[in-house]
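Chemist: Just passing along the structure, written as structure tokens.
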Amino acid sequence: MNDLLFDKEHIWHPYSSFINPDPAYKVISCDKVRLKLEDGAELIDGMSSWWAAIHGYNVPELNKSVIDQSAKMSHVMFGGLTHDPAISLCRKIIEITPEGLDKVFLCDSGSVAVEVTMKMALQYWFSKGIKDKNKFLTIRSGYHGDTFNAMSVCDPDTGMHQMYKGVLPENYFADSPECGYYDEWDCNKIKSFKDIIEKENHKIAAVILEPIVQGAGGMKFYHPKYLNEVRKLCDRFGILLIFDEIATGFGRTGELWGCDHSKVTPDIMCIGKALTGGYMTLAATIASGKVALGISEGKAPIFMHGPTFMANPLACSVANKSIDLLLNSNWRSKVKNIEEQLKNELLPIREMFSDKVKDVRVLGAIGVVELRKKVDVAKAQKYLTGMGIWLRPFGNLLYTMPPYIIGSADLSRITEGMYKLIENDEY
Ligand SMILES: Cc1ncc(COP(=O)(O)O)c(C=O)c1O
């Protein structure tokens with residue numbers, strides 16, 4: 001059995017089935033913004049490996065940090081032990097995240113960070129002896145991961161997890177913010193959120209949101225003022241505010257954090273994906289002193305979570321280096337240039353193919369074409385890989401969020417691929 005057949009018959013891929021799975025392309029190496037396939041083809045990466053590989057691939061400084069750290073200690077348990085890679089990473093995380101967030105919990109992946117965040121919010125109220133505050137409020141079109149609590153705050157109807165309805169914890173969903181990032185702010189657009197919070201606040205432990213950009217729930221960009229209003233309402237009704245910056249973090253939206261567009265600080269924030277520059281799985285939940293001490297001083301003082309690979313030294317070490325690389329680069333202007341080019345090259349598609357395209361939107365290094373019909377992913381990828389481009393559309397969304405190091409010629413090849421795909425109905 002050849003490798004691809006073995007892969008097809010025996011290995012689960014994300015969001016796949018064993019009956020007629022979409023083809024998996026075999027990658028043998030990656031360098032800068034190119035993925036090299038087994039047959040010799042080279043694809044320009046428009047996905048940053050799902051928001052993570054912001055510096056591109058095979059980055060000498062990141063390679064070295066993994067090699068150097070592995071010669072010292074690849075892993076050691078974090079229960080009762082600590083180490084330099086974790087300490088220096090947590091110092092950096094506290095320095096670069098909004099003021100007031102200074103208690104860091106390191107864990108394995110984005111979904112786990114979301115679980116940790118939600119547990120912290122619940123335990124904060126348990127510790128205070130308030131058991132009724134055990135629900136979450138979020139907005140529709142959100143996505144927070146695939147584990148159980150994370151699924152319970154993903155969009156319950158249009159998201160990926162409808163089949164679990166009835167099994168998942170039940171939470172509150174306000175309408176998705178209808179006020180786009182570039183629209184004029186209209187305070188009526190927060191009415192649904194406000195109505196729920198006014199009515200149900202005594203049952204709500206925390207609000208959880210992806211700030212500014214809703215990713216895998218629909219790639220929507222909403223107005224920064226929405227978050228200012230959310231913060232005010234949470235303060236008024238004594239509800240914790242959680243920002244899931246797992247996709248939006250590390251400069252992707254044009255600011256270091258999505259919440260920087262609004263200058264709002266949450267009570268708890270989770271980060272992941274680009275934390276290690278896409279080298280390794282690592283995520284973090286960062287809480288304010290109020291939350292951490294609220295838990296620790298109360299009736300349930302021990303925070304009950306402790307993954308085996310917590311603070312893995314290899315991952316911490318590469319995350320340290322990745323943050324240094326980002327902060328010492330001119331990431332802001334790189335992201336701005338990508339944004340401008342995406343606007344120039346993608347926005348005209350809306351008028352050109354108005355019969356096929358519902359909307360085109362660009363923010364930071366994210367370009368989205370919302371189509372009127374669902375994309376046949378296998379067909380689209382066959383066409384795009386034939387043009388030397390790697391994109392992975394979902395639903396009716398064709399989108400790109402390339403590594404920040406992409407050059408303008410390569411970015412034009414991506415936008416041209418998107419244009420041609422639509423023009424030739426190759427989806
Ligand atoms: C906003 C957000 N939260 C959480 C997650 C889950 O992260 P992971 O896939 O690392 O579990 C994702 C992943 O796409 C995400 O976009």
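Chemist: Test residue 131 against the stated conditions and say whether it is crowded, with 20+ Cβ neighbours inside 10 Å, at negative phi, away from the ligand (no atom under 16 Å from the Cβ) and at pLDDT below 95.
Modeler: no
Chemist: Additional query: Within segment 83-93, does at least one residue satisfy the condition of being crowded, with 17+ Cβ neighbours inside 10 Å, in the same structural domain as residue 205 (by TED's automatic domain parsing), in contact with a strand residue (DSSP E or B) (Cβ under 6 Å, 6 or more places away or on another chain) and of a type outside the set (Asp, Glu)?
Modeler: yes
Chemist: Only one of (1) within 14 Å of the ligand (Cβ to nearest atom); (2) within 21 Å of residue 212 (Cβ to Cβ) is not met by residue 267, so which one is it?
Modeler: With (1) within 14 Å of the ligand (Cβ to nearest atom); (2) within 21 Å of residue 212 (Cβ to Cβ) applied to residue 267, the lone miss is (1).
Chemist: Moving on. Would you check which residues across segment 313-337 are among the hydroxyl-bearing types (Ser, Thr, Tyr) and closer than 18 Å to residue 106 by Cβ and list them? Don't jump to the end; show me each part of the working.
Modeler: Step one: filter segment 313-337 for residues among the hydroxyl-bearing types (Ser, Thr, Tyr), giving 317, 322, 329, 333.
Once the filter is applied, which keeps residues that are among the hydroxyl-bearing types (Ser, Thr, Tyr) and closer than 18 Å to residue 106 by Cβ, segment 313-337 yields 317, 322.
Chemist: Search segment 105-128 for residues being surrounded by fewer than 21 Cβ atoms within 10 Å (Cβ to Cβ) and under 15 Å from residue 275 (Cβ atoms), and hand back the single one that is modelled with the lowest pLDDT.
Modeler: 108
Chemist: If you don't mind, another one. Return only the number of the condition from (1) more than 20 Å from the chain's Cα centre (by Cα); (2) closer than 30 Å to residue 136 by Cβ; (3) not small (Gly, Ala, Ser); (4) not assigned by TED's automatic domain parsing to the domain that holds residue 146 that residue 51 does not satisfy.
Modeler: Answer for residue 51: the failing condition is (1).
Chemist: For segment 170-190, what are the residues that are more than 23 Å from residue 360 (Cα to Cα) and at pLDDT below 95?
Modeler: Those that are more than 23 Å from residue 360 (Cα to Cα) and at pLDDT below 95: 187, 188.
Chemist: List the pairs whose first member sits in segment 103-114 and is near the ligand (Cβ under 8 Å from one of its atoms), whose second member is modelled with pLDDT of 95 or more and assigned to a helix (DSSP H, G or I), and whose Cβ atoms are under 6 Å apart, counting only residues at least 6 apart or on separate chains?
Modeler: Close Cβ pairs satisfying both conditions: 111/150; 114/150.
Chemist: Next question, about the same structure. Could you pull out the residue among 258, 254 that is more than 11 Å from the ligand (Cβ to nearest atom), touching a residue at least 24 places away in the same chain (Cβ under 8 Å) and more than 19 Å from residue 317 (Cα to Cα)? Outline the logic, then answer.
Modeler: Values: 258 fails: more than 11 Å from the ligand (Cβ to nearest atom).
Result of the check over 258, 254: 254.
Chemist: Checking the structure you have, find out if any residue of segment 54-77 is within 16 Å of the ligand (Cβ to nearest atom) and within 19 Å of residue 274 (Cβ to Cβ).
Modeler: yes
Chemist: Let me ask another. Applying the selection to segment 167-222, what residues are away from the ligand (no atom under 16 Å from the Cβ) and in a loop (DSSP other than H, G, I, E, B)?
Modeler: Answer for segment 167-222, where residues must be away from the ligand (no atom under 16 Å from the Cβ) and in a loop (DSSP other than H, G, I, E, B): 167, 169, 170, 175, 178, 179, 181, 182, 183, 184, 185, 186.
Chemist: Another one. With the condition being at pLDDT 95 or above and touching a Gly at 6+ places or on another chain (Cβ under 6 Å), I'd like the helices (runs of 4 or more DSSP H) fully within segment 1-72 carrying at least 2 qualifying residues.
Modeler: none
Chemist: If you check residue 45 against the conditions, is it out of contact with any Cys (no Cβ under 6 Å at 6 or more places or on another chain), loosely packed, with under 13 Cβ neighbours inside 10 Å, charged (D, E, K, R) and under 27 Å from residue 339 (Cα atoms)?
Modeler: The answer is no for residue 45.
Chemist: Ok, one more. Given the criteria free of Cβ contacts under 8 Å to residues at least 12 places away in the same chain and of a type in the set (Asp, Glu), does residue 340 qualify?
Modeler: For residue 340, the condition - free of Cβ contacts under 8 Å to residues at least 12 places away in the same chain and of a type in the set (Asp, Glu) - is met.
Chemist: Just checking, does segment 155-165 include any residue being within 27 Å of residue 254 (Cα to Cα), in a loop (DSSP other than H, G, I, E, B) and touching a His at 6+ places or on another chain (Cβ under 9 Å)?
Modeler: Yes, segment 155-165 contains at least one residue that is within 27 Å of residue 254 (Cα to Cα), in a loop (DSSP other than H, G, I, E, B) and touching a His at 6+ places or on another chain (Cβ under 9 Å).
Chemist: Give me the residue from segment 277-307 that is in a loop (DSSP other than H, G, I, E, B) and of a type in the set (A, V, I, L, M) and, out of that set, nearest to the chain's Cα centre (by Cα).
Modeler: Filtering segment 277-307 down to residues in a loop (DSSP other than H, G, I, E, B) leaves 277-282, 297-307.
This time we only want the ones that are of a type in the set (A, V, I, L, M), so: 280, 282, 300, 302, 304.
Numbers: 280: 15, 282: 13, 300: 30, 302: 28, 304: 25 Å.
Restricting to residues being in a loop (DSSP other than H, G, I, E, B) and of a type in the set (A, V, I, L, M), the top hit is 282.
Chemist: Give 193, 148 a once-over and let me know the one that is in contact (Cβ under 8 Å) with a residue 12 or more places away in the chain and under 19 Å from the mean Cα position of the chain (by Cα).
Modeler: 148
Chemist: Let me ask something else. Counting only residues that are touching a helix residue (DSSP H, G or I) at 6+ places or on another chain (Cβ under 6 Å), give me the strands (runs of 3 or more DSSP E) lying completely in segment 308-427 with at least 3 of them. Write out each step before concluding.
Modeler: Working: elements: 357-363, 366-371, 397-400.
Filter on segment 308-427 gives 357-363.
Chemist: Still on this structure, please answer the following. Restricting segment 232-251 to residues that are touching a residue at least 60 places away in the same chain (Cβ under 8 Å) and part of a loop (DSSP other than H, G, I, E, B), which is farthest from the ligand (Cβ to nearest atom)? Break it down stepwise before answering.
Modeler: First, the residues of segment 232-251 that are touching a residue at least 60 places away in the same chain (Cβ under 8 Å): 239-240, 242, 244, 246-247, 250-251.
With the extra rule that they be part of a loop (DSSP other than H, G, I, E, B), the set shrinks to 239, 246-247, 250-251.
Numbers: 239: 20, 246: 4, 247: 4, 250: 13, 251: 15 Å.
So the residue we want is 239.
The values are calculated or read from the model by the stated rules, or taken from the named source; none is laboratory data. Keep in mind that what you see is a predicted model, and the values were worked out from it rather than measured. All Cβ positions, glycine included, derive from the backbone under ideal geometry; neighbour counts span all protein chains shown.
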